[in-house]
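The values are calculated or read from the model by the stated rules, or taken from the named source; none is laboratory data. Computed from a prediction, not measured in an experiment: that's the story for all the values here. Note that each Cβ is placed from the backbone with ideal geometry, even for glycine, and that neighbours are counted across all protein chains shown. Note: areas computed on protein heavy atoms with side chains; ligands, DNA, RNA excluded. Shrake-Rupley method; radii C 1.70, N 1.55, O 1.52, S 1.80 Å.
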Amino acid sequence: MTTTTPVTFERHPDTYRHWRLTVDGEVAWLEMDVDEQGGLVPGYELKLNSYDLGVDIEFYDATQRLRFEHPQVRAVIVTSAKDKVFCAGANIRMLAASPHEWKVNFCKFTNETRNGIEDATEFSGQTYVAAVNGSCAGGGYEIALACEKILLVDDNSSTVALPEVPLLGVLPGTGGLTRVVDKRRVRRDLADVFATRPDGVKGRTAVDWRLVDELVPRVGFREKVLSRAHELAAESDRLPAEQGIELAPLEPSITDDGIEYRHIRVGYDRPNSLVTLTVLGPSGEPELDGWLLRLTRELDDAILRLRTNEPDLGTWVLRTEGDPEAVLAHEEVVLSGKDWLSNEILHYYKRTLKRLDVTSRTLIALIEPGSCFAGSLLELAFAADRQYLLDGPPIDDEDSPERASITLSEANFGVFPMGNGLSRLESRFYGDDDHLTWLARERDRPLSAAEAVELGLVTDAPDDLDWEDEIRIALEGRASLSPDALTGMEANHRFVGPETLETKIFGRLTAWQNWIFTRPNASGPEGALRRYGTGQKAVFDRKRV
Amino acid sequence: MPEKIDYDAKIPNNVHLADDRRLQRALEGWQPKFMNWWGEMGPTLETEGVYLRTAVSVGRDGWAHFDHVNVPDYRWGIFLAEREPDRRIAFGEHAGEPVWQQVPGEYRADLQRLIVIQGDTEPASVEQQRLLGLTAPSLYDLRNLFQVNVEEGRHLWAMVYLLHAYFGREGRDEAEGLLLRNSGSPDAPRILGAFNEETADWLAFYMFTYFTDRDGKYQLGTLKESSFDPLSRTCEFMLKEEAHHMMVGTTGVDRVVQRSAELIREHDTYDIASHGGIPLDLIQRYLNFHYTVSLDLFGSETSTNAANYYTAGLKGRWQETRRKDDHKLTDDSRLLDRPREDGTWTSEELQAILLLNLDLRGEYTADCQTGVNRWNKILADAGIDFRFALPHPGFNREVGINSGHHVTPDGSIVDEATWEAARHKWLPTAEDLTFVRSLMHPVYERGKIASWVAPPRQGINGKPFDYEYVYLT
């Protein structure tokens, strides 16, 4: 399967093909009704509410709009509009036909959407309830697992199942295994039985094993679900708000050479497998729903487009242009806000930075005169694998007195934690509390090249005579290394310290899935993924490795 | 205002030094350290002027200028051979592409390593030879020693230039490191073993300049083929100067053999030690030692590093462009003689690309043989039956497939005890070294020469032997 047209990530409820979003006061219904003929790529039918990337992009759009456009919503019911089937999970024919990087990228995006749902429950007071009104398998159950509560219809036939291992020879890739034992605390022996049973578990046993929270009779199912949602809404700590803000289309300009947004320029250098992503700082007076929100949406969109559509561009160079003072002033408006929107913007920027953290591309931050790596934007540099700061005048104007600097602010000290629960500075200086204390004293003022080096905040600070050569050689050298080894190395270096649900999903689970996807037992001509639905049995290489 | 430095006058060059701020700054940091190093590690003997050749351009005629120079004022310069505008990569996977004028990021580490290793050998020989000025057999020889030393110094500059101009801050650090390591230093020795050996006497000096500098010639020859054009051009020009060092070695050994032959004839005995000459078997032992130590410099016979360098286009073969094959070598094979535990030799067929060090060593050995033939001709002309010979390549080796085996000079594999018992017949003994050293009395009178060596047939730059090549203090 190859895509000919680039994938886009902006959607609107008016044009959803696969979902229905209904808001009724403090409760929203998000009903899955997948259009069988609506696959993102030709070659498969999306039967039984199975999903592909296109379905999930709409799902993601809905979760974002619920947070920004519907601040009054305190509980979200995820259910199916089809009879007797909740969701059959990721479409198998799509997976079987997809190239490796597409499968992996798809898993990554769906995971990020599921994590976003949990983030909404935890930090936005929008609690998700899965109303499982029919059979629920694989990725379908993983959608349910992302919700705070799982209600299963008690019809004596509907099941929840993770049949990937027995049927497909792969893993439940959207956090399924991890959430079963870590989040729902299913006993590991029962989890083992569950995850190896192709038919899954129904009714009372599902409750006893903690796979679901409650059984709900078929008759009066929707009413019961709604009342549960209202109960959860009543417990919500969502900050009060009358009116949301509209997430208007971004309308970027797309060319063969890159993407231009209002605050972001993305440029491609294909011969060198390079993307330059330049963030433009704010202008004008700080507004709450101004620059930072718009920038975050653009950054989110840019990351997703690049990840999906440009797998060959393996190194992203992160730059900024603008006034660091203005960045801090704009950021301050959001940081000091105690309202729902400030909260949403901060968490959205946090999730977007996390998306950067788990992006399997080399990230290099270039800090040059005229850049504005301050506070929240400095987090971009800390998300990068290396940071280079130009110690000297701008390259094209050697008489200029302008010098590059970086500025730490409150934003760098815990506002935007990574998936491991630590700030990027805590991750950078893991276990070195004295150093973090020192850094905290150096906040809110521009740090020169020499100071940035001394404080360990940049990898290197070449001067104007060396700059171009050093950067060229670093980037060229990078491009010559094995992309697979780099992916593995970067993912290991980026996440120090404690394991969390997220680090386990993106690290452990994804790594295993990656490996399993490329093995003949899954993807070979006689592998389970290929033979699924053909009536033929998969042939396994029986050696355990 | 600081005084403006006239770089071109101070440092002769053809790399536009006067316009290159980065290079100027790098050299301004490095040059005083170089002068300190020269003061501490350079020739011990002070002079008021040495008749030296200074490279002043790269043109076909008149690239060198001769004059008496106070050695510390020697103008070490930076010269690259002229650029061939359409030069193409001659081998490896990039064959046919234009050569590189910049270091490709992909090969930065490898290229830097190659240049550092080459660079590390250049000041090493200066350090090894620093005491020799005190015992020179003639003013002519003393002058040659200084010439070799300042040119090794300039070759260091050549490598430092590459590090400074193309490798950024790391390159500057490595350039400084070249001055921080010292030959034989227990803390920071030179990178390659042979460059930590002593050159204690003038016979050793002639042997060194014949055998070990000749290794340098072949290494430079492979780097001259490099796809990184500045390295290629630098090495091409270095080879021009290197030829003189070979001449010092070749004619130096010639003159010792010549003198020994005269003494043998005169006294009708091979035992000329008591007559102030160096016996032929002792010369053979020196030859055995310096030849085998130099073989070690070629590295292991099989080398995946060398293969990788070749495939990447970093380092070619000797006279790569004259070779008639596919210049990729992945489909060719060659034979490698390997010693076996049972004392026999076996021949193994391997991919040619894995045997590049052996290929280069083969070229080197053939070249070394011409010197041996030349010295034997002197003996034949004198009616003396003794003949010199290069020992078997497995003899006395610390590096490669023969290390750990005990191979005699004629190629027999013996046990350790047998080998050790005969060692004194093959390699210089402590007595040999003491004896040669006992002959090393300085002769600084114009036109005079020590007892153990014949005067040269020709002087330098058309000057006679009795020219005052060195003004002593």
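Quick notes on this structure:
- Test for B:GLN112: is it within 14 Å of chain A (Cβ to nearest Cβ), polar (S, T, N, Q) and outside any helix (DSSP H, G or I): no
- The residues in the stretch B:28-69 that are of a type in the set (S, T, N, Q) and assigned to a strand (DSSP E or B) can be counted, and the count is 2.
- Set A:ALA234, A:ALA229: member being modelled with pLDDT of 95 or more, surrounded by 15 or more Cβ atoms within 10 Å (Cβ to Cβ), outside any strand (DSSP E or B) and hydrophobic (A, V, I, L, M, F, W, C): A:ALA229
- Number of positions in the stretch A:347-393 that are in contact (Cβ under 8 Å) with a residue 40 or more places away in the chain and more than 27 Å from the chain's Cα centre (by Cα): 7
- Checked against the criteria, A:THR110 counts as over 18 Å from A:GLU36 (Cβ atoms), of a type in the set (Ser, Thr, Tyr), in a helix (DSSP H, G or I) and in contact (Cβ under 8 Å) with a residue 60 or more places away in the chain.
- Among (1) out of contact with any Phe, Trp or Tyr (no Cβ under 9 Å at 6 or more places or on another chain); (2) open to solvent by less than 60 Å² (accessible area, probe 1.4 Å) - the single one B:ALA109 does not satisfy: (2)
- Within the stretch B:436-461, tally of residues that are open to solvent by 30 Å² or more (accessible area, probe 1.4 Å) and touching a strand residue (DSSP E or B) at 6+ places or on another chain (Cβ under 9 Å): 2
- Residues in the stretch B:304-326 that are assigned to a loop (DSSP other than H, G, I, E, B) and under 24 Å from B:GLY105 (Cβ atoms): B:GLY313, B:LEU314, B:LYS315, B:GLY316.
- Close pairs (8 angstrom Cβ cut-off, 6 or more residues apart or separate chains): within 12 Å of another protein chain (Cβ to nearest Cβ) in the stretch B:95-109, among the acidic types (Asp, Glu) and open to solvent by 40 Å² or more (accessible area, probe 1.4 Å) anywhere: B:PRO104/A:GLU476; B:GLY105/A:GLU476; B:GLU106/A:GLU476; B:ARG108/A:GLU476
- Residue-level check: of (1) modelled with pLDDT of 95 or more; (2) within 22 Å of B:ARG334 (Cβ to Cβ); (3) open to solvent by 20 Å² or more (accessible area, probe 1.4 Å), B:VAL399 misses just (1).
- Pairs meeting the criteria (first residue in the stretch A:438-456 and over 10 Å from A:SER405 (Cα atoms), second residue outside any strand (DSSP E or B) and of a type in the set (Asp, Glu), beta carbons under 8 Å, at least 6 apart or on different chains) are A:GLU442/A:GLU451; A:ARG443/A:GLU410; A:LEU455/A:GLU442.
- Residue count, the stretch A:212-226 (criterion: open to solvent by 40 Å² or more (accessible area, probe 1.4 Å) and under 28 Å from the mean Cα position of the chain (by Cα)): 1
- Enumeration of residues in the stretch A:471-496 that are facing chain B (nearest Cβ under 10 Å) and in contact with a helix residue (DSSP H, G or I) (Cβ under 8 Å, 6 or more places away or on another chain): A:ARG472, A:ILE473, A:ALA474, A:LEU475, A:GLU476, A:GLY477, A:ARG478, A:ALA479, A:SER480
- Scope the stretch A:398-446; condition open to solvent by less than 30 Å² (accessible area, probe 1.4 Å), among the hydrophobic types (A, V, I, L, M, F, W, C) and under 23 Å from A:VAL333 (Cβ atoms); matching residues: A:ILE406, A:LEU408, A:ALA411, A:PHE416, A:LEU425
One line per residue, one yes/no per condition, for (1) among the hydrophobic types (A, V, I, L, M, F, W, C); (2) under 24 Å from A:GLU26 (Cα atoms); (3) open to solvent by less than 70 Å² (accessible area, probe 1.4 Å); (4) not in a loop (DSSP other than H, G, I, E, B):
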residue	(1), (2), (3), (4)
A:ASP199	no, no, no, no
A:ALA206	yes, no, yes, yes
A:ARG210	no, no, no, no
A:LEU239	yes, yes, yes, no
A:VAL266	yes, no, yes, yes
A:VAL279	yes, no, yes, yes
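- Residues of the stretch B:68-94 satisfying the condition of being open to solvent by 60 Å² or more (accessible area, probe 1.4 Å) and within 14 Å of another protein chain (Cβ to nearest Cβ): B:GLU93
- Residue that is part of a helix (DSSP H, G or I), touching a strand residue (DSSP E or B) at 6+ places or on another chain (Cβ under 8 Å) and of a type outside the set (Ser, Thr, Tyr), where the choices are B:LEU433, B:LEU358, B:LEU379: B:LEU358
- Restricting B:ARG75, B:ARG83, B:ARG88, B:ARG53 to those that are among the basic types (Lys, Arg) and more than 27 Å from the chain's Cα centre (by Cα) reduces the list to B:ARG88.
- Filtered residue count, the stretch B:18-51, keeping only those that are of a type in the set (A, V, I, L, M), more than 18 Å from B:GLU151 (Cβ to Cβ) and away from chain A (no Cβ under 14 Å): 1
- Test: residue in the stretch B:379-387 that is buried (at least 20 other Cβ atoms within 10 Å of the Cβ) and not small (Gly, Ala, Ser): no
Conditions (1) modelled with pLDDT of 95 or more; (2) under 30 Å from B:TRP375 (Cα atoms); (3) out of contact with any helix residue (DSSP H, G or I) (no Cβ under 9 Å at 6 or more places or on another chain); (4) of a type in the set (Val, Ile, Thr), marked per residue:
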{"site": "B:HIS244", "(1), (2), (3), (4)": "no, yes, no, no"}
{"site": "B:GLU262", "(1), (2), (3), (4)": "yes, yes, yes, no"}
{"site": "B:THR269", "(1), (2), (3), (4)": "yes, yes, no, yes"}
{"site": "B:LEU280", "(1), (2), (3), (4)": "yes, yes, no, no"}
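- Residue match in the stretch B:155-176 (condition: free of Cβ contacts under 8 Å to residues at least 40 places away in the same chain, surrounded by fewer than 24 Cβ atoms within 10 Å (Cβ to Cβ) and not β-branched (Val, Ile, Thr)): yes
- Scanning the stretch B:180-204 for residues that are in a helix (DSSP H, G or I) and modelled with pLDDT of 95 or more yields a count of 3.
- Checked against (1) more than 18 Å from A:SER360 (Cα to Cα); (2) buried (at least 20 other Cβ atoms within 10 Å of the Cβ); (3) in contact (Cβ under 8 Å) with a residue 60 or more places away in the chain, A:ARG478 passes all but condition (1).
- Verdict on A:GLU468 being more than 27 Å from A:HIS435 (Cβ to Cβ), in contact (Cβ under 8 Å) with a residue 40 or more places away in the chain, surrounded by fewer than 16 Cβ atoms within 10 Å (Cβ to Cβ) and within 14 Å of chain B (Cβ to nearest Cβ): yes
- Which numbered condition A:GLN37 misses (of (1) under 30 Å from A:PRO417 (Cα atoms); (2) out of contact with any strand residue (DSSP E or B) (no Cβ under 9 Å at 6 or more places or on another chain); (3) among the polar types (S, T, N, Q); (4) part of a loop (DSSP other than H, G, I, E, B)): (1)
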